[in-house]
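What follows is calculated from the coordinates using simple rules that are stated; it is not laboratory data. Quick caveat: nothing in here was measured; it's all calculated off a predicted structure. Note: ideal-geometry Cβ built from the backbone for every residue, glycine included; neighbour counts use all protein chains shown.
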Amino acid sequence: MILKIKDLTKILNVSEKTIYHWISENKVPTKKINNQHRFNKEEITDWLLQQRKSPVQKTGWLALSSPAISLSQLIQFKNLVYDIEGNDLPAIIKNAAKTISRRSETQKQASTFTLASNSYKMPIIKESGIAIQHPRNPIITDIHNEQLYIAFCKPELSNESSVHTVLFLACANYQRHLSILCKLSALCEHREFVEMLKNSGSYIDIIHYIKNKESDWEKIGEK
């Protein structure tokens, strides 16, 4: 999908002046079509995730969307699935998606995760043994139906991809999709969070950790 400058200002919640400044300093991936700057959605997603080292201080990327997204509110108790088997990442995703599709509250979500179980074409980010599978195009229309699922591999499982956790996103639009990805990517920078997932942490511990981090991000954003 190709984005215009006006699209990018809405997605990133910045001014056109800021976008042009980034372009002049080659800080954002862009190309010219008919002498107009255009942006590839997939490239912008990848670029944005690379900026996560200091995501809040510079552009507020951890709070892109309105209304604001709380990761802890996207994760319900039933959204954690344990003891997923598989010898490689495609097999793990297939088995996890099948389990998740049975728990999905809407038919569209269930269909999407069923598709995920039969396909390895959805975009995937791998960090520290965590695979984040995220369909870039919205699969739901109501933000109240957004979900984040966490699938843990069997503790004794040794797979070729060294993945111990798979995260599945269901977002209502691209801007919220980016916001969730930024937050997840920022969380994966913390060893405590990675170890918690690696050890198939409890729902209470995971939610408590995420709430504390989101509180920290809000404080930084207010400065």
Problem set entry | Rough spin-label spacing in nm, given labels placed 7 Å along Cα→Cβ, for Asn35 and Ser162 | 5.1 nm
Exercise. Whole number please: convex hull volume per residue of the Cα set in region 165-223, in Å³?
Worked result: 95 Å³
For this session: Decide, for region 2-50, between rounded, prolate and oblate: order the square roots of the alpha carbon gyration tensor eigenvalues as a ≥ b ≥ c, take rounded if a/c falls under 1.5, and otherwise choose prolate if a/b is larger than b/c, else oblate.
Result: rounded
Problem set entry | Computed E for Asp205/Asn173 - FRET, C-beta separation, R0 41 angstrom, nearest 0.05 | 0.85
Seminar exercise, completed: Residues whose built amide H sits under 5 Å from the amide H of His37, excluding neighbours closer than 5 in sequence, are none
Seminar exercise, completed: For region 2-50 the mean separation of alpha carbon contacts under 8 Å (6+ apart) over residue count, i.e. relative contact order in percent, is 39 percent
Exercise. Cross-link list Lys17/Lys219; Lys126/Lys213; Lys126/Lys198; Lys94/Lys126; Lys183/Lys219: which exceed 18 angstrom alpha carbon to alpha carbon?
Worked result: Lys17/Lys219; Lys126/Lys213
Seminar exercise, completed: FRET efficiency for Lys154 and Asp46 from the Cβ-Cβ distance with R0 = 35 Å, rounded to 0.05, comes out at 0.70
For this session: Within the set of other residues whose C-beta is less than 12 Å from the C-beta of Leu167, count the net charge using Lys and Arg as +1 and Asp and Glu as -1.
Result: +1
Exercise. Order of His144, His208 from fewest to most other C-beta atoms within 10 Å?
Worked result: His144, His208
Exercise. By count of other Cβ within 10 Å, fewest leading, how are Tyr82, Tyr149 ordered?
Worked result: Tyr82, Tyr149
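For Ser179, Ser72, Ser101, what ranking results if the residue with the fewest other Cβ atoms within 10 Å of its Cβ goes first?
Exposure proxy ranking, most exposed first: Ser72, Ser101, Ser179.
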Problem set entry | Lys17-Gln73 FRET efficiency (beta carbon distance; Förster radius 35 Å; 0.05 resolution) | 0.55
